[in-house]
Amino acid sequence: MSADLSGRRLVVIGAGSRTGRRLARTASAAGAELVLAGPDPRKLEWTAGELAGPATVLPVDLTEEASIEALAARLGRFDHLVSTAAVPANGPLAELEPAAVRRAFDAKVIGPLLLAKHLAGQIAADGSLTFFSGVAAWRPVPGRTVMATTNGALAFLVRALAVEIAPVRVNAVSPGIVDTGSWDGLGADKAAFLASVAARNPARRVGTTDDLVKAVLHAIDNPYVTGTVLHVDGGARLV
Ligand SMILES: NC(=O)c1ccc[n+]([C@@H]2O[C@H](COP(=O)([O-])OP(=O)(O)OC[C@H]3O[C@@H](n4cnc5c(N)ncnc54)[C@H](OP(=O)(O)O)[C@@H]3O)[C@@H](O)[C@H]2O)c1
């Protein structure tokens with residue numbers, strides 16, 4: 001993948017698994033110095049062991065402001081930050097627990113807002129923040145109302161932050177159904193689910209983790225992209 005990240009310091013929140021881990025590997029190979037962040041230090045160390053270049057492990061829990069403040073205190077200056085953090089609260093309305101709903105908002109909306117609050121002064125002027133939204137905001141389905149709402153709120157948050165902390169750029173990537181490993185819990189039903197997704201969407205395929213990494217690198221690398229949602233969903237939001 002094309003971005004040259006030589007000498008740039010990149011913070012990846014969610015670096016212990018799936019898209020965050022793949023992004024860390026790709027960015028390290030492209031010359032970046034990595035800061036690997038997320039809730040589980042063991043997973044972050046696992047990612048660190050796979051990288052081509054230098055990395056620092058800094059645990060953070062985006063549902064706790066004190067944890068974000070502690071990250072800010074230890075982090076120092078950096079160029080780009082990407083967060084894949086998500087704590088979904090899915091299920092029928094009648095079964096939703098307010099505490100779980102609040103945690104979903106903390107991870108996807110309030111956490112990113114607090115990252116901007118506490119880290120804005122430490123980002124390079126030509127740097128960026130990139131967060132993850134998702135297609136549920138544009139194509140809601142029953143049982144995914146909290147996911148739709150958190151992803152939608154994040155899409156509007158990046159517009160507001162792009163104005164408030166300019167010239168630092170702020171964007172979101174919005175995946176459709178992507179085979180990052182997060183659907184493995186479907187077990188024997190996974191293949192049929194992914195085939196039905198591919199049959200319905202205009203791109204006639206399911207997304208890969210690398211599709212998401214490419215979009216993140218574009219958001220980081222293109223200096224004229226800010227306040228934008230990059231839809232990486234095969235056109236699923238249109239049909
Ligand atoms: N895959 C899809 O089909 C799809 C579709 C739409 C949207 N998305 C969005 O795309 C992003 C990446 O998805 P993915 O499938 O690669 O993986 P994922 O499993 O959704 O990734 C979630 C990440 O959030 C981290 N996390 C959990 N709680 C946290 C907390 N309190 N503070 C900070 N980080 C926390 C997890 O850390 P650990 O590594 O320690 O578990 C994990 O790395 C997510 O935001 C997801 O909602 C994905």
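The values are calculated or read from the model by the stated rules, or taken from the named source; none is laboratory data. Since the model is a prediction, treat every value here as computed from it, not as a measurement. Positions of Cβ are generated from backbone atoms using ideal geometry, with glycine treated the same way; all protein chains shown enter the neighbour counts. The protein model used for the area step is the full one, side chains on, heavy atoms only, and it has no ligands, DNA or RNA in it. Shrake-Rupley method; radii C 1.70, N 1.55, O 1.52, S 1.80 Å.
Given a 1.4 Å probe and the protein chains all in place, what does the accessible area of Asp233 round to, in Å² to the nearest 10?
10
For Arg42 and Glu65, what does the FRET efficiency come to when R0 = 25 Å and r is the distance between their Cβ atoms, rounded to the nearest 0.05?
On the way: r = 24 Å, r/R0 = 0.96.
E(calc), rounded to 0.05, equals 0.55.
Pick out, from Ala219, Ile68, Gly111, the residue whose Cα sits farthest towards the positive end of the charge dipole of the chain, with +1 on the Cβ of Lys and Arg and -1 on the Cβ of Asp and Glu.
Of the candidates, Ala219 comes out farthest on the positive side.
Starting from a Cα-only point model with no solvent, please compute log10 I(q)/I(0) by Debye for the chain at q = 0.12 1/Å.
Results for the chain at q = 0.12 Å⁻¹ read -0.64.
Okay, which of the stretch 160-201 sit inside 15 Å, backbone N to the point 7 Å along the Cα-Cβ direction of Asn90?
175-197, by backbone N distance to the label point.
Return the distance in nm (one decimal) between the two label points of a simple spin-label model at Asp126 and Arg237, each offset 7 Å from Cα along Cα→Cβ.
It is 2.9 nm.
Leaving out same-chain residues fewer than 8 places away, which lysines sit with a Cα under 17 Å from that of Lys108?
Lys117
Let's see if you can work this out: charge +1 on each Lys and Arg Cβ, -1 on each Asp and Glu Cβ, no other charges. What is the dipole magnitude of the chain about its Cα centre, in debye to the nearest 20? All intermediate terms of the calculation are to be shown ahead of the outcome.
On the way: 24 positive and 22 negative charges, 92 e Å.
Charge dipole of the chain: 440 debye, to the nearest 20.
Hey, how many Å between the Cα centroid of the stretch 54-115 and the Cα centroid of the stretch 1-53?
17
Over the stretch 127-239, what is the relative contact order in percent, taking alpha-carbon pairs closer than 8 angstrom and at least six residues apart? Before the final figure, lay out each step's value.
Details: 192 pairs, mean separation 39.4, N = 113.
Result for the stretch 127-239 is 35 percent.
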